[in-house]
Amino acid sequence: MDIESNHSSPVLTDPAPINKSRLGIHSNLLSYAPSGGSLSSSKYRNVNIPRKKPGKLDEVCSNACLDAMKSSSPPRKKLIKDGADTAYGTWMLKHPSALNSFEEIANFAKNKKIAMFLDYDGTLSPIVDDPDNALMSDDMRFAVRNFAKYFPTAIISGRSRDKVYQLVGLTELYYAGSHGMDILGPVRKAVSNDHPNCNESTTDQQGKEVNLFQPAREFIPLIDEVFRTLVEDTKGIKGAKVENHKFCVSVHFRNVDEKNWQSIAQCVQDILDKYPRLRKTHGRKVLEVRPMIDWNKGKAVEFLLESLGLSNRDDVLPIYIGDDLTDEDAFKVLREGNRGCGILVSSRPKETNAVYSLRDPSEVMKFLNSLVTWKKVDAS
Ligand SMILES: O=P(O)(O)OC[C@H]1O[C@H](O[C@H]2O[C@H](CO)[C@@H](O)[C@H](O)[C@H]2O)[C@H](O)[C@@H](O)[C@@H]1O
């Protein structure tokens, strides 16, 4: 397994047992529970802000972080030499290709409404060295736009909501930025009334009334301060890049020489020491600093389902497609609640709570197009 331990997240600490039928369908899909793991609106009422216990030695923390940074970044050449294809093939027995398993998924989705949740980087756009160049192809944009005509679709990204909207550029979708801490979704009174301090009624680009949900709103000035500090602290580290996502900050080390990763880890650790209400998570060659609140992409999926009037319904199949550690929170929610299925985008074996897999964004596009074709035939 190449996944790193995500010290500040419950992700993957207790993976649900994988239980598949002969055909490879996850048990979730065979026993769809209408009210399993039901989402009570009171869940959102008090978004928890626990305090971090002080006392860990900086050195220990940044070394643990460094190990995690290394284990999440195996050298490509080594993987190939070690027989990556065999390992991938074995892994795919556990997480079959959503394309090869399309018939099974379609059978299960029959007479159900699919709700689609899509991550952005590594899912809709290929991973590239410069985050500013992570562009979605026109074909992918066309596919997502077309898909959204048939199925409610939301993008849930680690990037700021504005940035991901700018990159995707489709008004037909719902957007959640900052790992779900900034959601622009449909107005739904039952949800809005439960979150007086997090919700705000507003209008979208088309003047349509929408609901803005920001459970970490109070952290905006702090995150801005952290962003500026990290820019300053990392400016001497060649290749480091810091992004401000309004509710979280990304510190990229993709272009940093490995001998300087320790310095990156230390800069982040210094922030955590200074601001105990913040925590760190890991992504693909990126460390992220975010508010220590009980909110993540999984909670965002639950929130959007409820906002769309699609939670607790046995005629709804939520599907989440993502490539990163932070997407595991969403896979887990769908898996544990028997509510739907996760699809991990990965071309190498990874420990995951997703049921199925797809190799790369081009396969994601094929899968979306296949669902549209299937839906058209089903409807005719
Ligand atoms: O949740 P996502 O939409 O997948 O966003 C997660 C992070 O994506 C971006 O970083 C990743 O993609 C970059 C471009 O391909 C790549 O250079 C980087 O190494 C990856 O970590 C984004 O820049 C981050 O801020 C997001 O948190």
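The values are calculated or read from the model by the stated rules, or taken from the named source; none is laboratory data. Since the model is a prediction, treat every value here as computed from it, not as a measurement. Every residue, glycine among them, receives a Cβ derived from its backbone with ideal geometry; neighbour counts consider all protein chains shown. The area values use the complete protein model at the heavy-atom level, side chains included, leaving out ligands, DNA and RNA. Shrake-Rupley method; radii C 1.70, N 1.55, O 1.52, S 1.80 Å.
Counting only protein heavy atoms, what percent of the accessible surface of the range 218-291 is carbon or sulfur at a 1.4 Å probe? Display every interim value, and only then the final one.
Numbers: 1460 of 3040 Å².
C and S atoms contribute 48 percent here.
What is the ratio of the Cα radius of gyration of the range 265-329 to 2.2 N^0.38 Å, where N is its residue count, to two decimals? Kindly include the intermediate steps, with their values, before the conclusion.
Details: Rg = 15.6 Å, N = 65, 2.2 N^0.38 = 10.7 Å.
Taking N as the residue count of the range 265-329, the ratio is 1.45.
Within the accessible surface of the range 317-380, defined with a 1.4 Å probe on protein heavy atoms only, the carbon and sulfur portion equals 47 percent.
Once you list every other residue whose beta carbon is under 9 Å from the beta carbon of Val289, what net charge do they have if Lys and Arg are +1 and Asp and Glu are -1? Kindly include the intermediate steps, with their values, before the conclusion.
Working: positive: Arg279, Lys280, Arg290; negative: Glu288.
Its environment carries a net charge of +2.
For Ile127, nonlocal amide neighbours, meaning residues 5 or more places apart or on other chains whose placed amide H falls under 5 Å from its own, are Gly122.
The Cβ shell under 10 Å around Asn312 holds other residues with a net charge of 0, Lys and Arg each +1, Asp and Glu each -1. Annotation: amide H of Ala216 has no partner in the under-5 Å range at sequence separation 5 or more or interchain, hydrogens built in the peptide plane.
Measure off, as a whole percent, the carbon and sulfur share of the 1.4 Å-probe accessible area of the range 116-186, all protein chains present.
Heavy-atom surface of the range 116-186 belonging to carbon and sulfur, 1.4 Å probe: 47 percent.
In this structure Asp162 has an accessible area near 110 Å², from a 1.4 Å probe over the protein heavy atoms.
Let me check I've understood the local charge: for Lys163, count other residues with C-beta under 13 angstrom from its C-beta, Lys and Arg +1, Asp and Glu -1. What total comes out? Write down the numbers at each step before the final one.
On the way: positive: Arg159, Arg161, Lys246; negative: Asp121, Asp132, Asp162, Asp182, Glu243.
Here the count lands on -2.
For the range 218-291, the relative contact order works out to 29 percent when only alpha carbon pairs closer than 8 Å and six or more residues apart are counted.
Provide the gained length on full extension for the span Asp138 to Lys70, in nm with one decimal, where the gain is 0.36 nm per separating residue minus the Cα-Cα distance.
Details: separation 68, 0.36 × 68 = 24.48 nm, distance 3.40 nm.
Separation in residues times 0.36 nm, less the Cα-Cα distance, equals 21.1 nm.
Between the alpha-carbon centres of the range 124-190 and the range 221-291 there is a gap of 24 Å.
In square nanometres, what is the average projected area of the Cα convex hull of the range 218-291?
Numbers: hull surface 16.8 nm².
Averaged projected hull area, Cα only: 4.2 nm².
Simple point charges give the picture: +1 on the Cβ of Lys and Arg, -1 on the Cβ of Asp and Glu, and for the range 218-291 a dipole about the Cα centre of about 260 debye.
Counting only protein chains, not ligands or nucleic acids, how are Arg284, Arg279 ordered by accessible area (probe 1.4 Å), most first? Kindly include the intermediate steps, with their values, before the conclusion.
Details: Arg284 80, Arg279 25 Å².
Solvent-accessible surface, decreasing: Arg284, Arg279.
The residues of the range 223-349 have, on average, 31 Å² of accessible surface per residue, using a 1.4 Å probe with all protein chains present. Computed with a 1.4 Å probe on the full set of protein chains, the accessible area for Arg348 sits at about 50 Å².
Counting heavy atoms of the protein chains alone, Glu258 has an accessible area of about 100 Å² for a 1.4 Å probe. Per-residue 3J(HN,Hα) values for the range 326-331, derived from phi via the Karplus relation 6.51 cos²θ - 1.76 cosθ + 1.60 with θ = phi - 60°, read 5, 6, 4, 4, 6, 4 Hz in sequence order (x marks Gly and Pro).
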